[in-house]
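The values are calculated or read from the model by the stated rules, or taken from the named source; none is laboratory data. Treat the numbers as computed from the prediction; the structure is a model and nothing was measured. Positions of Cβ are generated from backbone atoms using ideal geometry, with glycine treated the same way; all protein chains shown enter the neighbour counts.
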Amino acid sequence: MHTIDEFIQLALKEDIGPGDITTDNLVAPNTPGRGVIVAKQDLVIAGLAVAEKVFKALEPTIVFEAGYADGDRVAAGSTVIRLTGSLAGLLKGERTALNFLQRLSGIATQARAYVATVAGSPVKLVDTRKTTPGWRVLEKYAVRVGGAHNHRMGLYDGVLIKDNHIAVAGGITAAVAKARQAISHLVKIEVEASSLAEVDEALAAGADIIMLDNMDVDQIRQAVTHIAGRALVEVSGGVTRDRLKALATTGVDLISIGALTHSAVAVDLSMRIEPDKGP
């Protein structure tokens, strides 16, 4: 897994390659400049530290002044960041920094809206592994900035026995037993169930969490009543913002939503740059 600094270097290499043939031929290397990044819509900002690292990677002396912190609401028309440095550094970092800011702020903004939909309910909204390849750490960070929560980070930090695992293991009971025998006693086991019969089998096998997959609201209520606190209950599959309020009233503990990451739309931020003419 790449560190954030390595990830930024990859992004800059992808964009600049052997050199910015526009900027390098129009701007003298040490020409001073100023820039501002402005919100073009109401949003929840996320990724400020990443954007700063982008500019600092190009020019360590660039001054990056953020008027907000990650998680703050920003109104359309507000100046989010002020920058001072060489025109070349600002121009070369502009697109990469904005790509990070727009994507991460888009996720945080959407997550905040989803969380607001179930305000007052004890249910937790969690993300999934449906993330942009390579961006998972950042996208899951943006989910948290928006007020939602993370599910497992990858296949390595949580046991989730799904339909295909059940099929290859020979059933829920066998799958749970095999996993329990191999893992640490500190690791919980989650089992996907698409029927009450599978809920019963998961409970009997000792599952810690039961994921109700693609059930309607009445089925979910019935399953929650049946489980009766013997395991945490998660709902997954076909979850939309329109369904959240109804799902939150069923008594489930968790609602997992792939759309928190895979369907988030980048927010509109723009950068304006001009020569620094002094005081």
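Only one of these is under 30 Å from Thr22 (Cα atoms) and either at pLDDT below 95 or not assigned by TED's automatic domain parsing to the domain that holds Pro60 (or both): Thr132, Thr96. Name it. Please lay out each step first, then the result.
On the way: Thr96 fails: either at pLDDT below 95 or not assigned by TED's automatic domain parsing to the domain that holds Pro60 (or both).
Criteria check complete, one pass: Thr132.
Go through segment 14-48 and count every residue that is surrounded by 15 or more Cβ atoms within 10 Å (Cβ to Cβ) and closer than 20 Å to Arg136 by Cα.
Looking only at that region, the number is 5.
In segment 89-101, what residues are within 15 Å of the chain's Cα centre (by Cα) and buried (at least 23 other Cβ atoms within 10 Å of the Cβ)?
Passing the criteria: Phe100, Leu101.
What are the residue pairs meeting all of these: first residue in segment 135-156, first residue farther than 25 Å from Leu10 by Cβ and free of Cβ contacts under 8 Å to residues at least 40 places away in the same chain, second residue among the aliphatic types (A, V, I, L, M) and part of a loop (DSSP other than H, G, I, E, B), Cβ atoms under 8 Å, and 6 or more apart or on different chains?
Close Cβ pairs (under 8 Å, with a partner that is among the aliphatic types (A, V, I, L, M) and part of a loop (DSSP other than H, G, I, E, B)) do not exist here.
Being exposed (fewer than 13 other Cβ atoms within 10 Å of the Cβ), under 27 Å from Thr240 (Cβ atoms) and modelled with pLDDT of 95 or more: is that true of Asn214 here?
Details: exposed (fewer than 13 other Cβ atoms within 10 Å of the Cβ): yes; under 27 Å from Thr240 (Cβ atoms): yes; modelled with pLDDT of 95 or more: no.
So Asn214 fails the test.
Considering only residues that are of a type in the set (Gly, Ala, Ser) and farther than 25 Å from Leu160 by Cβ, look in segment 235-279 and name the one that is surrounded by the most Cβ atoms within 10 Å (Cβ to Cβ).
Initial filter on segment 235-279 (of a type in the set (Gly, Ala, Ser)): 236-238, 246, 248, 251, 256, 258-259, 263-264, 266, 270, 278.
From what's left, farther than 25 Å from Leu160 by Cβ: 266, 270, 278.
Values: Ala266: 15, Ser270: 12, Gly278: 5.
Filtering first and then ranking leaves Ala266.
Take Met215 and tell me if it is assigned to a loop (DSSP other than H, G, I, E, B) and not β-branched (Val, Ile, Thr).
In short, yes.
Could you please let me know if Gly229 is out of contact with any Cys (no Cβ under 6 Å at 6 or more places or on another chain), within 28 Å of Met153 (Cβ to Cβ), at pLDDT below 95 and loosely packed, with under 15 Cβ neighbours inside 10 Å?
In short, no.
Could you please tell me which pairs satisfy a Cβ distance under 8 Å, a separation of 6+ or placement on different chains, a first residue in segment 157-168 that is within 16 Å of Ile209 (Cβ to Cβ), and a second residue that is modelled with pLDDT under 95 and surrounded by fewer than 12 Cβ atoms within 10 Å (Cβ to Cβ)?
Partner pairs satisfying both residue conditions: none exist.
Does segment 77-85 contain at least one residue that is buried (at least 17 other Cβ atoms within 10 Å of the Cβ) and farther than 14 Å from Val38 by Cα?
yes
Just one of Met215, Met211 is free of Cβ contacts under 8 Å to residues at least 40 places away in the same chain and assigned by TED's automatic domain parsing to the domain that holds Ala248; which is it?
That would be Met215, the only listed residue that is free of Cβ contacts under 8 Å to residues at least 40 places away in the same chain and assigned by TED's automatic domain parsing to the domain that holds Ala248.
Would you confirm, using the coordinates I've provided, whether Arg221 is in a loop (DSSP other than H, G, I, E, B), on the phi < 0 side of the Ramachandran plot and more than 22 Å from the chain's Cα centre (by Cα)? Explain how you work it out, then say what you get.
Working: in a loop (DSSP other than H, G, I, E, B): no; on the phi < 0 side of the Ramachandran plot: yes; more than 22 Å from the chain's Cα centre (by Cα): yes.
Criteria not met by Arg221.
Suppose the filter is of a type in the set (D, E, K, R) and either under 23 Å from Gly258 (Cβ atoms) or buried (at least 16 other Cβ atoms within 10 Å of the Cβ) (or both); does Lys178 pass it?
Working: of a type in the set (D, E, K, R): yes; either under 23 Å from Gly258 (Cβ atoms) or buried (at least 16 other Cβ atoms within 10 Å of the Cβ) (or both): no.
Considered against the rule, which asks whether it is of a type in the set (D, E, K, R) and either under 23 Å from Gly258 (Cβ atoms) or buried (at least 16 other Cβ atoms within 10 Å of the Cβ) (or both), Lys178 comes out as no.
Of all residues in segment 254-279, how many are farther than 17 Å from Gly147 by Cβ, assigned to a loop (DSSP other than H, G, I, E, B) and not β-branched (Val, Ile, Thr)?
Of the residues in segment 254-279, 8 are farther than 17 Å from Gly147 by Cβ, assigned to a loop (DSSP other than H, G, I, E, B) and not β-branched (Val, Ile, Thr).
Could you grab me the full set of residues in segment 224-246 that are over 27 Å from the mean Cα position of the chain (by Cα) and part of a helix (DSSP H, G or I)?
If the condition is that a residue be over 27 Å from the mean Cα position of the chain (by Cα) and part of a helix (DSSP H, G or I), then Val224, Thr225, His226, Ile227 are the ones that fit.
With buried (at least 24 other Cβ atoms within 10 Å of the Cβ), of a type in the set (A, V, I, L, M, F, W, C) and over 30 Å from Ala28 (Cα atoms) as the only criterion, which of Ala111, Ala119 stands out? Before you say what the answer is, go through the steps one by one.
Numbers: Ala119 fails: buried (at least 24 other Cβ atoms within 10 Å of the Cβ).
From the options Ala111, Ala119, the qualifying one is Ala111.
Just one of (1) surrounded by 21 or more Cβ atoms within 10 Å (Cβ to Cβ); (2) within 25 Å of Val115 (Cα to Cα) trips up Val159, so point out which.
It is condition (2) that Val159 fails.
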